[in-house]
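**Q** Mind having a look at this structure? Questions to follow.
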Amino acid sequence: MEYIKKLSTKENELVKDFFENVVIYCALIENCDSVENEKFLKKVFDAITKLMNLGMVLPDVPSVNEQPLKRLVDSKQRLKIISKVNEKLGKYDYYWFVFDSIEGGDPVGSFLGGDLVDIYLDLKIGLETFNKSGEDYKFDAIWHWLFGYRYSWGTLAVNDIKAVYDIIVNY
């Protein structure tokens, strides 16, 4: 399956793998209420680690707009999705991390449910854009995913992986 004619066969395969894992992650968040609590975090861990590995090798493509894509939902809809995810997390929604792992610093708190939904929203808009017809849309989606990996959802995902790991293994 060739997505974009200007990409090499290998790059198209990487995009295909990333796309398929975005679909899996988005479906997990959208349908979290149908996943057993014990399995939810393991599925989240699996999905995010795959996305992180694949995000690292996404091809660096030009964007028509050269701006991150606009989110599909407003803050009210975002809170509704977070509420569904928080039902799965229960008391484990809040976690701590050090923002700069090299320089160190004071621990910073964050909400796991909000982070997981923000990752979802960043990936979902790329998915919706990618599914439109036209090569420019595909390039914009890939550019958006890579930009988010470097500056937004990737940072959230790194911190979330540690928190989810701790919850699965220690609690």
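**Q** Look through Ile125, Ile82 and report the one residue that is over 18 Å from Phe19 (Cβ atoms) and touching a helix residue (DSSP H, G or I) at 6+ places or on another chain (Cβ under 9 Å).
**A** Exactly one residue qualifies, and that residue is Ile82.
**Q** Pick out the one residue from Glu11, Glu20 that is assigned to a helix (DSSP H, G or I), touching a Pro at 6+ places or on another chain (Cβ under 6 Å) and of a type outside the set (Lys, Arg).
**A** Residue meeting the stated conditions: Glu11.
**Q** Within the range 25-54, track down each residue that is assigned to a helix (DSSP H, G or I), in contact with a Lys or Arg (Cβ under 9 Å, 6 or more places away or on another chain) and farther than 14 Å from Tyr120 by Cα.
**A** Residues satisfying the conditions are Asp33, Asn37, Phe40, Leu41.
**Q** In the range 15-27, which residues are without any contact (Cβ under 8 Å) to a residue 24 or more places away in the chain and open to solvent by less than 20 Å² (accessible area, probe 1.4 Å)?
**A** none
**Q** Identify, please: which residue in the range 116-171 is in a helix (DSSP H, G or I) and small (Gly, Ala, Ser) and is, among those, farthest from Phe97 (Cα to Cα)?
**A** Restricting to residues being in a helix (DSSP H, G or I) and small (Gly, Ala, Ser), the top hit is Ala141.
**Q** Still on this model: Please pick out the residue among Ser63, Ser75 that is among the small types (Gly, Ala, Ser) and open to solvent by 50 Å² or more (accessible area, probe 1.4 Å).
**A** When all the criteria are applied, what remains is Ser75.
The values are calculated or read from the model by the stated rules, or taken from the named source; none is laboratory data. Keep in mind it's a predicted model, so treat the numbers as computed, not measured. We place every Cβ from the backbone using ideal geometry, glycine too, and count neighbours over all the protein chains shown. In case anyone asks, the SASA skips ligands and DNA or RNA and just uses the protein heavy atoms, side chains included. Shrake-Rupley method; radii C 1.70, N 1.55, O 1.52, S 1.80 Å.
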